[in-house]
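The values are calculated or read from the model by the stated rules, or taken from the named source; none is laboratory data. It should be emphasised that the depicted structure is a prediction, and the values quoted were computed from it without experimental measurement. All Cβ positions, glycine included, derive from the backbone under ideal geometry; neighbour counts span all protein chains shown.
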Amino acid sequence: MGIIKKIKKNLSSAFNKVFKRGKLRRIGIYGPPNAGKTTLANRIVRDFTGDVVGSVSNIPHETRRAHRREGVTIESNSSAITLDIVDTPGLATKIDFQDFMAKGLSEDESRRRAKEATEGVIEAVRWLEDLEGVILVMDATEDPFTQVNVTVIGNMEARKLPLLIVANKIDLDNSAPSRIKSAFPQHPMVPISALNGDNIDVMYEKIAEHFG
């Protein structure tokens, strides 16, 4: 085989390994407010590009618009997958401006944020139509049987699209990721701390395996 043919073959092999037909592209990060979605999105994007997606806060619904970061190649061992990461607003069944006021915001600011958060939830639901998979972030310190979690999981199952559950905040003493695994055993689950980076490498392996 000539040197040119060898180069072409190697390039084709490398290209197909990373961009082979069937690999997913647009993955949404979903979950309730303050589950750690943006913290996780920032860690993924920062680990592989050096950038961040959005700001985080202890105030619910800090992310009120979907943020998309295109072309993030996640590498794990011998696997690699290139994704568009979509960090979505926190899903909630009820948004009350008084919850923002309880965090010290003025009434005008609280009402504005509540309106934007409601619009953000609508946008997040619409994004489900355009996604090829979901990373569902759950707070491992809370009861997993919430309306938000059940709704997202049911939606993805109805569409027959892959879903990876991330049990976040395992750095906290009262975390219990086993409850999440028991609640939704039909889907793969990875316990992590998006804040501290605990078990992140295992999560990257699961992403490459599950969405690849």
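Figures for the structure shown
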read-out: Residue that is modelled with pLDDT under 80, crowded, with 20+ Cβ neighbours inside 10 Å, out of contact with any Lys or Arg (no Cβ under 9 Å at 6 or more places or on another chain) and not β-branched (Val, Ile, Thr), where the choices are Ala117, Ala124; value: Ala124
read-out: Close pairs (8 angstrom Cβ cut-off, 6 or more residues apart or separate chains): on the phi < 0 side of the Ramachandran plot in segment 164-175, basic (Lys, Arg) anywhere; value: Leu164/Lys206; Ala167/Lys181; Ser175/Lys169
read-out: Of all residues making up segment 157-166, the number that are more than 25 Å from Asn199 (Cα to Cα) and either touching a Lys or Arg at 6+ places or on another chain (Cβ under 6 Å) or of a type outside the set (Asp, Glu) (or both); value: 3
read-out: Residue in segment 138-153 that is in contact with a Gly (Cβ under 9 Å, 6 or more places away or on another chain), buried (at least 19 other Cβ atoms within 10 Å of the Cβ) and in a strand (DSSP E or B) present; value: yes
read-out: Selection status of Leu83, under 22 Å from Asn168 (Cβ atoms) and either assigned to a strand (DSSP E or B) or at pLDDT 85 or above (or both); value: yes
read-out: Qualifying positions in segment 180-210 - assigned to a helix (DSSP H, G or I) and more than 16 Å from Ile153 (Cα to Cα); value: Ile200, Asp201, Val202, Met203, Tyr204, Glu205, Lys206, Ile207, Ala208, Glu209
read-out: Segment 5-59, subset among the charged types (D, E, K, R) and loosely packed, with under 10 Cβ neighbours inside 10 Å, residue modelled with the lowest pLDDT; value: Arg21
